[in-house]
1. Taking the conditions exactly as written (among the acidic types (D, E) and more than 7 Å from every other protein chain (Cβ to nearest Cβ)), does B:E271 satisfy them or not?
2. So in segment A:167-182, with the set limited to residues that are buried (at least 24 other Cβ atoms within 10 Å of the Cβ) and of a type in the set (A, V, I, L, M, F, W, C), which one is farthest from the other protein chains (Cβ to nearest Cβ)?
3. Out of the residues in segment B:36-91 that are of a type in the set (D, E) and assigned to a loop (DSSP other than H, G, I, E, B), which is surrounded by the most Cβ atoms within 10 Å (Cβ to Cβ)?
4. So which residues in segment B:180-201 are within 14 Å of B:V237 (Cα to Cα) and touching a Lys or Arg at 6+ places or on another chain (Cβ under 8 Å), if there are any at all?
5. If I go through segment A:311-336 residue by residue, how many of them are at pLDDT below 95 and either more than 20 Å from A:L16 (Cβ to Cβ) or among the aliphatic types (A, V, I, L, M) (or both)?
6. If B:Q120 satisfies all but one of (1) surrounded by 18 or more Cβ atoms within 10 Å (Cβ to Cβ); (2) assigned to a helix (DSSP H, G or I), what's the number of the condition it fails?
7. Which of the numbered conditions does A:V294 fail, given that it passes all the others? Conditions: (1) in a loop (DSSP other than H, G, I, E, B); (2) free of Cβ contacts under 8 Å to residues at least 40 places away in the same chain; (3) at the interface with chain B (Cβ under 9 Å from one of its Cβ atoms).
8. Residue by residue through segment B:268-282, note down the ones that are in a helix (DSSP H, G or I) and either surrounded by fewer than 20 Cβ atoms within 10 Å (Cβ to Cβ) or among the hydrophobic types (A, V, I, L, M, F, W, C) (or both).
2 protein chains.
Amino acid sequence: MKALTVIPRTASSNELGDVPEPDEKEGAVLVETIAVGVCGTDMEIVRGDYGWAPPGHERLVLGHESLGRVLDAPAGSGLAKGDLVVGIVRRPDPVPCYSCAAGEWDTCRNGQYTEHGIKQLDGFMRERWRADPDAMVKVDPQLGELGVLLEPTTVVSKAWEEVERIGGRQTWQPKTALVVGAGPIGLLAALLGVERGLEVHVVDQMATGLKPDLVRALGATYHTGKLADALEGPDIVLECTGVPPLVFDAVATVGVGGVVCLTGVSPTGVELDVDAGSLARSMVLQNTAVVGSVNANARHYRAGADALARADHDWLARLVTRKVPIDRFSDAFEHGPDDVKIVIELAP
Amino acid sequence: MKALTVIPRTASSNELGDVPEPDEKEGAVLVETIAVGVCGTDMEIVRGDYGWAPPGHERLVLGHESLGRVLDAPAGSGLAKGDLVVGIVRRPDPVPCYSCAAGEWDTCRNGQYTEHGIKQLDGFMRERWRADPDAMVKVDPQLGELGVLLEPTTVVSKAWEEVERIGGRQTWQPKTALVVGAGPIGLLAALLGVERGLEVHVVDQMATGLKPDLVRALGATYHTGKLADALEGPDIVLECTGVPPLVFDAVATVGVGGVVCLTGVSPTGVELDVDAGSLARSMVLQNTAVVGSVNANARHYRAGADALARADHDWLARLVTRKVPIDRFSDAFEHGPDDVKIVIELAP
């Protein structure tokens, strides 16, 4: 069957090739891939900067933002032929740490987790895959192909859970949230903020176009320019770019008692001249909390699936700016200025 | 009566003078001051860098780390003549924000709080003071003059509460804590860490002397040199110096899923060259949380009083390295290399 594979840490090694059908050892449920989203981590892997092949393999099947259709599921699994499902990206180690043992592999303590399409587990950019029933989440059939947005939504449903649990360590009545970046993660973060009844502001670079339109269609406010000019002392800042100066600005901008959640994976080696004293002093005097957030566990998948089911499906559809057949996969790795989410289609 | 006062924002304006007896409007309980501790904030105020006088006053009575003896308390107040009490430093605004209304003035949202000896309320370096019963906390009479250590202990009992609430946002089984700095806050932070059954490590500069001895007497491990060399990937880092490069090292050193709590108030204008990309990236990929913590509410005073009551009183006594009569107050502002806590005595 067809699959898009790479040799991890080897630039431009991606190719559409032929791989064996998924082994029954991979899990009890057989899934046909409908579509797979492309994100920054995929770009990093394709550039040769990241990724690990499965043990004993040279190549890794790419793809972690999945949507599939169940072809075969065992009785009692809660799944039936035709169900739309999304594979959970990160899996606990066979000898799990205490976080993985508690089902919280997103905070794996020993680094021995695996990740479909990223770390030692083949991904979803292949015609069929297998996994056990507890390694996938059913999505609302009404969502159809928009279910491919679930994995990026889990990133923000986890981020929002972190914000709320940390903010709620004392009495907390947040009203405003600033989202930095209007890419897929930023826009989905804004969606979940609006769903929570918050006043949401989003900052990005483009003055006009799809991104400002999508922000306004949510009932949120769009800004360009400096974070501090967008909103004074927001209760929450969700940093969704990973651009180092913006990360530091996010911490400096958040209001008294606020929470900053970092979701963007920054490039290393970016040196900044920082007034470290003022930043640290204001964090202490204002009880600021900053938390990094990566990945998601089953709880975040369920919350993400609920958030998407509640959302305006027409708005969600506008996030998918291009659908590329797998035979033209290289087009999917070229990101235009108005692109939000690009999806590779296998069996739409 | 005698009082040590300053003109806020005027260097070297501190003087021992005469002030009126406390007004009954200040509160229903009359307290005789036994002793008052001196800390970095007092030094900052004496240098003319910080502080606000009460409205309509030129001078502010200094002192916020109090210990007193009740002289007179109303029936039903839960206090009786002779009780040892400590005044709560921060008070909510008369028109409180939602945090102050919930008794959590340590996270005041509008900045309209007041603080004895710091911000718009006279402090405790005077022979007698008054406050309402809910603005003071009784300490174990067994502690005697060591009750003066309660206020700095509340800073760390709040910090530990923050660490535990934030760490506990998911399953968490911390084993190790790294404390940066072996001043009064660092040593009390180490005490509370040992009381929690953690493996505690403390880093400071002095290779020998009282501070290493006090750390070892707790059953903790003392280190000099780089944080990363002291302990690999601690679950908790409590930063108790406010020295900007150490603050950034603390964040870089904490282990996967760890919590860093900043308690030291950094000087402003300290520019650092920081590999901001690597710092932000590792915070995200490791789910790191960093929280600034200042001040304390009544819950933290009660937790601090319990922690002191449980502690070895001989060990606590060694923290008070000098007791200075108020007539020689200026000696109290000269900090020697082996000084931990210097206390000004009024009515020992």
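1. no
2. A:A182
3. My answer is B:D83.
4. B:A182, B:L187, B:L198, B:E199
5. 1
6. (2)
7. (2)
8. B:A276, B:S278, B:L279, B:A280, B:S282
The values are calculated or read from the model by the stated rules, or taken from the named source; none is laboratory data. Keep in mind that this is a model prediction, so the values were computed, not measured. With ideal geometry, Cβ positions are generated from the backbone for all residues, glycine too; neighbour counts draw on all protein chains shown.
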